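Notes follow the structure.
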Amino acid sequence: MKMSKGQIGRRLLGLAVAGVALVTCGAAFAELGQPAPWEYKLQESGSPVMDNITWFHNFLFGLITVITLFVLALLVAVVVKFNAKSNPVPSKTTHNTLIEVAWTLIPVLILVGIAVPSFRLLFQELDIPKADLTIKVTGKQWYWSYAYPDNGKFEFDSLLAQDKQPRLLGVDNEMVVPVNKIVRIQTTGADVIHSFAVPAFGIKIDSIPGRLNETWFKATKVGMFYGQCSELCGKDHAFMPIAVRVVNDQEFAAWVEIAKKKFASNPANSFASAGAAAQ
Ligand SMILES: [Cu+2]
């Protein structure tokens with residue numbers, strides 16, 4: 001079957017329209033704070049860092065699409081115009097100063113254009129602003145412990161709850177944080193290396209025994225946000241989810257009061273055991 005140029009053009013246009021439709025409909029698959037069926041994009045953002053990660057991802061994706069199509073067009077032009085049949089007497093040209101300067105300079109400019117937002121994002125992730133609240137996260141085989149040293153000093157374990165939804169993400173005791181507050185996460189490992197990751201906040205940081213790593217997030221939406229341990233840490237690596245409940249200030253204060261009492265005698269509570277040892 002031979003297609004005219006017009007037909008090819010129309011087909012390409014159709015493909016492009018279908019692609020754009022797919023990308024726009026992708027929003028329908030997104031679910032705040034957790035993965036969704038048929039999702040193929042980043043999770044919906046719930047923090048300023050993730051806003052920038054999403055922007056940077058889309059920017060690079062657009063750029064690489066344009067570059068790939070450009071290279072494809074050049075290859076097609078070479079194949080069609082310069083094959084032995086349509087171009088029996090090849091040109092003997094070996095140099096073209098203008099083109100050589102251009103194909104050196106333009107990629108350099110593109111890389112500089114990528115480097116600027118890339119470094120800006122790196123600094124935003126690594127330069128921790130003044131925190132409103134610090135939570136110490138300890139990765140253990142195979143669950144997490146959360147300590148709140150600023151808010152009445154309590155610590156508790158967070159284990160996978162088999163009967164809770166979403167499946168394999170629900171836990172017995174969620175981490176609770178106030179909305180629009182800067183939360184500093186300090187993390188370490190109690191046994192092996194784990195990794196504390198919550199996609200919607202744009203954080204992923206190794207929890208290493210004997211080291212204290214830091215990261216931060218500012219949750220900008222209330223709701224539940226889920227993550228998982230992201231470093232292979234043993235047989236139940238897949239069963240130590242992270243569940244973060246983002247609430248308003250009053251709800252957070254109320255939860256702190258309840259948690260202080262509830263976890264006061266918790267054997268996991270390092271503050272309690274430190275107090276007991278001192279007596
Ligand atoms: Cu782990």
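The values are calculated or read from the model by the stated rules, or taken from the named source; none is laboratory data. Quick caveat, the model's predicted, so the values are computed rather than measured. Cβ coordinates were reconstructed from backbone atoms using ideal geometry, including for glycine residues, and neighbour counts include every protein chain displayed. In case anyone asks, the SASA skips ligands and DNA or RNA and just uses the protein heavy atoms, side chains included. Shrake-Rupley method; radii C 1.70, N 1.55, O 1.52, S 1.80 Å.
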key: Of residues in the stretch 168-218 being open to solvent by 40 Å² or more (accessible area, probe 1.4 Å) and touching an Asp or Glu at 6+ places or on another chain (Cβ under 7 Å), the one farthest from the ligand (Cβ to nearest atom)   = Lys181
key: Close pairs from the stretch 39-66: first under 10 Å from Leu121 (Cα atoms), partner of a type in the set (A, V, I, L, M) and surrounded by fewer than 17 Cβ atoms within 10 Å (Cβ to Cβ), Cβ under 6 Å, at least 6 apart   = Asn52/Leu121; Phe56/Leu121
request  = Look at Asp157 and say whether it is surrounded by 10 or more Cβ atoms within 10 Å (Cβ to Cβ), modelled with pLDDT under 95, in contact with a strand residue (DSSP E or B) (Cβ under 6 Å, 6 or more places away or on another chain) and not hydrophobic (A, V, I, L, M, F, W, C).
outcome  = no
task = Only residues in the stretch 23-38 that are open to solvent by less than 70 Å² (accessible area, probe 1.4 Å) and among the hydrophobic types (A, V, I, L, M, F, W, C) count as the first member; pair them with residues that are assigned to a strand (DSSP E or B) and modelled with pLDDT of 90 or more, Cβ under 8 angstrom, at least 6 apart or cross-chain, and list the lot.
result = Leu32/Gly223; Leu32/Phe225
key: Residue in the stretch 155-171 that is β-branched (Val, Ile, Thr) and either touching a Phe, Trp or Tyr at 6+ places or on another chain (Cβ under 7 Å) or over 21 Å from Phe239 (Cβ atoms) (or both) present   = no
task = Return yes when Glu100 is among the acidic types (Asp, Glu) and outside any helix (DSSP H, G or I) and no when it is not.
result = no
task = Output the residues belonging to the stretch 141-153 that are open to solvent by less than 40 Å² (accessible area, probe 1.4 Å) and modelled with pLDDT of 95 or more.
result = Trp144, Ser145, Tyr146, Ala147, Tyr148
ask   = Somewhere in the stretch 89-107, is a residue exposed (fewer than 10 other Cβ atoms within 10 Å of the Cβ) and either within 21 Å of the chain's Cα centre (by Cα) or of a type in the set (Asp, Glu) (or both)?
value = no
task = Look at Trp144 and say whether it is within 16 Å of the ligand (Cβ to nearest atom) and either farther than 24 Å from Asp51 by Cα or assigned to a loop (DSSP other than H, G, I, E, B) (or both).
result = yes
query = Which members of the stretch 223-255 meet the condition of being away from the ligand (no atom under 16 Å from the Cβ), surrounded by 17 or more Cβ atoms within 10 Å (Cβ to Cβ) and farther than 17 Å from Leu169 by Cβ?
reply = Val247, Phe252, Trp255
